[in-house]
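What follows is a set of notes on a single structure, which appears directly below.
Please treat every number below as a calculation from the coordinates, not as lab data. If you're wondering where the values come from, they're calculated on a predicted model, not measured in any experiment. Reconstructed Cβ throughout: ideal geometry from the backbone, glycine too, with neighbour counts over all protein chains shown.
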Amino acid sequence: MTRYFTEDHEWIEVEGGLGTVGITDYAQGQLGDITFVDLPETGATVAKGDSVSVVDSVKAASDIYTPASGTITEVNEALADEPELVNTDAEVGGWLYRITLSDASELGSLMDEAAYKTYVESL
Amino acid sequence: MNAVNAGGWKPTMGETGESAVPQTASGDYGLMLEEALIFELGAKDKCGVDFEAVDRAPASGLSKFLRKSAPDLPGLTEPEAVRHYTRLSRQNYAIDLGPFPLGSCTMKHNPRLNETVARLPGFADVHPMQPQTTVQGALEVIEQLADWLIALTGMASVAMSPKAGAHGELCGLLCIRAALDARGETRDVVLVPESAHGTNPATAAFAGFKVQSIPATPDGRVDVAALKEKLGPNVAGVMITNPNTCGLFESELKTIADAVHAAGGYVYCDGANFNAIVGKVRPGDLGVDAMHINLHKTFSTPHGGGGPGAGPVVLSAALAPFAPLPFVTRGADGGIHLVEEENRGEGHSQAFGRMVAFHGQMGMFTRALTYILSHGADGLRQVAEDAVLNANYVLRTCEDVLPAPFAKSGPCMHEALFSEAGLAEGFSTLDIAKGLIDEGFHPMTVYFPLVVKGAMLIEPTETESKAGLDRFIASLRSLAERAKAGDQSLHSAPHFAPRRRLDETQAARKPVLVWQG
């Protein structure tokens with residue numbers, strides 16, 4: 001099980017060709033209180049970098065760009081009633097969607113946890 | 001019925017709500033009025049109208065649609081209903097009460113002359129379906145306004161009918177699509193810089209294009225190199241806001257337009273901030289193919305609940321043939337008539353369709369033309385100069401207490417942009433905005449544009465006097481200094497408004513949108 005990060009502050013945790021995607025704790029802190037999460041449709045085929053979801057906070061509406069290409073298999077239904085999960089538990093219970101990866105080699109261009117930590121400190 | 005202001009709190013009671021003055025029996029204090037919801041005021045045994053009693057339903061072919069139960073309406077007498085809405089109106093804030101410094105919104109004075117002219121019977125009492133020979137004056141208003149908009153922008157044509165800024169954006173993109181169709185090309189990407197208005201990517205997506213974002217440079221303008229990299233055979237066009245939402249003039253727009261045209265695309269310019277450059281710069285000279293003009297911003301028609309918007313779209317020669325119907329045109333006899341579907345052969349055979357049922361916002365056309373004619377060409381130029389001068393006055397008198405991230409990018413245009421950097425730990429833009437309410441001002445635009453952390457975007461407009469700006473600036477400086485000094489009382493502002501700080505998070509997450517009796 002490996003976790004990767006993007007410069008747009010998404011994380012993806014990959015296990016056996018299935019990825020789970022969310023936003024980082026740093027991102028939720030910047031956004032402020034999350035009020036609504038517009039989740040993608042299951043079954044949708046998306047390409048790396050596509051805007052697949054929108055996270056609304058009291059400050060802004062932010063696009064979520066998928067860190068990897070593939071097919072959306074599941075979304076976090078709990079966020080419909082409790083969008084605040086993204087604030088309280090961004091990197092575990094506040095996950096957004098799961099995706100079957102169509103090209104695992106794409107992950108090579110993402111950051112690992114240490115590289116992301118360095119990246120955030122540089123901001 | 002819930003008691004209104006049950007705690008009897010009023011501003012003079014201070015933080016804790018401990019009464020510094022005696023409680024009143026009514027819950028009102030002096031002429032500061034509390035007001036219940038209309039359903040809480042109403043009673044079932046009251047009615048504002050004296051109906052004649054009926055003992056049975058009258059015979060009617062509509063019998064199966066007859067109500068089986070009484071409608072659930074609040075029962076109010078006529079004076080109660082009138083007072084309810086008048087009391088509520090006293091709790092509102094409006095441009096007629098004070099400055100409305102919302103950046104990106106251009107909330108400026110609506111001259112009363114506009115209203116006088118718009119109410120003339122020949123303009124106010126016409127119907128869009130009456131014979132065109134009987135409304136020649138109204139049609140001439142459309143013609144004259146169109147001529148002014150073309151002259152001021154240096155473009156080939158104008159589609160007058162779009163009814164708001166975003167509607168105009170859609171009109172422009174549909175023109176671009178029609179032009180691409182006519183060339184037999186399918187291009188599905190629209191490039192939108194970070195410094196563009198938020199409606200731009202929404203419009204492009206709504207029109208069926210894929211949106212790709214272009215980053216801003218550190219000085220707050222479009223990253224031209226990044227934009228050029230994205231150009232290619234799939235790019236339909238670019239949507240640029242100029243002046244942009246960082247309050248800056250996009251000085252490379254001509255270079256950008258040339259590159260976009262060379263790659264076969266079109267340039268859409270969001271003209272919402274045209275008031276900063278009207279009479280100074282013609283977008284047509286910068287290579288723009290389509291631009292909407294918010295009559296409710298640049299040309300002073302009512303904005304923000306005061307009236308409908310109007311967003312005519314000026315077009316380059318390349319896009320003009322595809323503009324939507326209707327158009328006004330002058331016949332050989334000097335009379336004006338409309339070109340619509342049945343006579344589109346009169347020069348508009350490639351029109352992509354139409355945006356609205358009739359001819360656009362006639363009442364706004366009348367007001368905008370009044371504004372233009374009462375200012376004249378030199379007056380319009382002064383509008384731009386004063387708008388820019390006022391914004392720079394705010395920027396330069398506050399930049400020592402609030403960081404201005406683009407203060408070194410040259411003068412600002414219509415609006416001044418500050419960030420929350422440098423406030424004490426735990427203090428944010430929201431605290432300054434709420435504090436402005438206590439100071440008696442409508443807050444500025446907050447947290448937009450997104451490229452600046454904790455953005456405060458202030459557009460004073462040309463209609464504020466220096467004395468008025470000085471009052472606002474004194475308040476803003478005072479709030480900034482309190483936030484930098486860590487004045488905890490700012491966290492609970494507003495203290496003196498009819499309501500204290502509301503839970504905006506809960507209001508967004510769990511909004512209560514209906515009365516729950």
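List of remarks:
- Neighbour-count ranking [beta-carbon atoms within 10 angstrom, fewest first] of B:THR86, B:THR255, B:THR298: B:THR86, B:THR255, B:THR298
- Mean Kyte hydropathy of 0.0 or more with a Cα span along the axis of at least 30 Å, helices from DSSP in chain B: B:362-398
- Net dipole in debye of segment A:2-104 [+1 Lys, Arg Cβ; -1 Asp, Glu Cβ; about Cα centre; nearest 20]: 260 debye
- Mean residue ellipticity (222 nm) of chain B, computed from DSSP H runs ≥ 4 via -39,500 (n - 2.57), nearest 500: -9500 deg cm²/dmol
- For the protein assembly as shown, the Cβ-based charge dipole about the Cα centre amounts to some 1620 debye (Lys, Arg positive; Asp, Glu negative; other atoms uncharged).
- Fraction of the pair-distance distribution of segment B:384-509 above 23 Å, Cα-Cα pairs, percent: 29 percent
- Here is the P(r) of segment A:2-104: all C-alpha pair distances, binned every 10 Å from 0, give 17, 55, 26, 2 in whole percents.
- Kirkwood-based shape ratio for segment B:112-369, expressed as Rg/Rh from alpha carbons: 0.98
- Between A:GLY94, A:GLY108, A:GLY19, the Gaussian network model of chain A with springs among Cα atoms under 10 angstrom shows the greatest mean-square fluctuation at A:GLY108.
- Rounded, prolate or oblate (a/c below 1.5 giving rounded, otherwise prolate when a/b exceeds b/c) for the protein assembly as shown by Cα gyration tensor: rounded
- Computed over segment B:384-509, relative contact order equals 29 percent, with contacts defined as Cα pairs under 8 Å that lie 6+ residues apart.
- Per-residue HN-Hα couplings for segment B:318-325 [Karplus 6.51, -1.76, 1.60; θ = phi - 60°; Hz; x = Gly/Pro]: 5, 9, 3, x, 9, 4, x, 6
- Local electrostatic count, B:LYS297, Cβ distance below 13 Å [Lys/Arg +1, Asp/Glu -1]: -2
- Considering only B:ILE150, B:LEU37, B:VAL278, the residue lying farthest towards the positive end of the dipole of chain B is B:LEU37, judged by Cα position with unit charges set on Cβ.
- Checked against a 27 Å cut-off, the cross-linked pairs B:LYS108/B:LYS434; A:LYS59/B:LYS297; B:LYS434/B:LYS510; B:LYS230/B:LYS280 give Cα-Cα distances beyond that limit for B:LYS230/B:LYS280.
- Test item: Cα-centred dipole of segment B:211-356, Lys/Arg +1 and Asp/Glu -1 on Cβ, debye: 220 debye
- Rounded if a/c under 1.5, otherwise prolate or oblate - chain B, Cα gyration tensor axes: oblate
- DSSP-defined beta bridges in the protein assembly as shown - what % are antiparallel, rounded to 5: 75 percent
- Cβ-based charge dipole, chain B, positive-most Cα from B:LEU139, B:SER349, B:HIS414: B:SER349
- Percent of beta bridges antiparallel (DSSP, chain B, rounded to nearest 5): 50 percent
- Counting every other Cβ atom within 10 Å of each residue's Cβ, B:VAL117, B:VAL383 order from fewest to most as B:VAL117, B:VAL383.
- Summing Lys and Arg as +1 and Asp and Glu as -1 over all other residues whose Cβ lies under 13 Å from the Cβ of A:ALA47 gives a net charge of -1.
- When only Cα pairs below 8 angstrom with a gap of at least 6 residues are kept, chain B shows a relative contact order of 17 percent.
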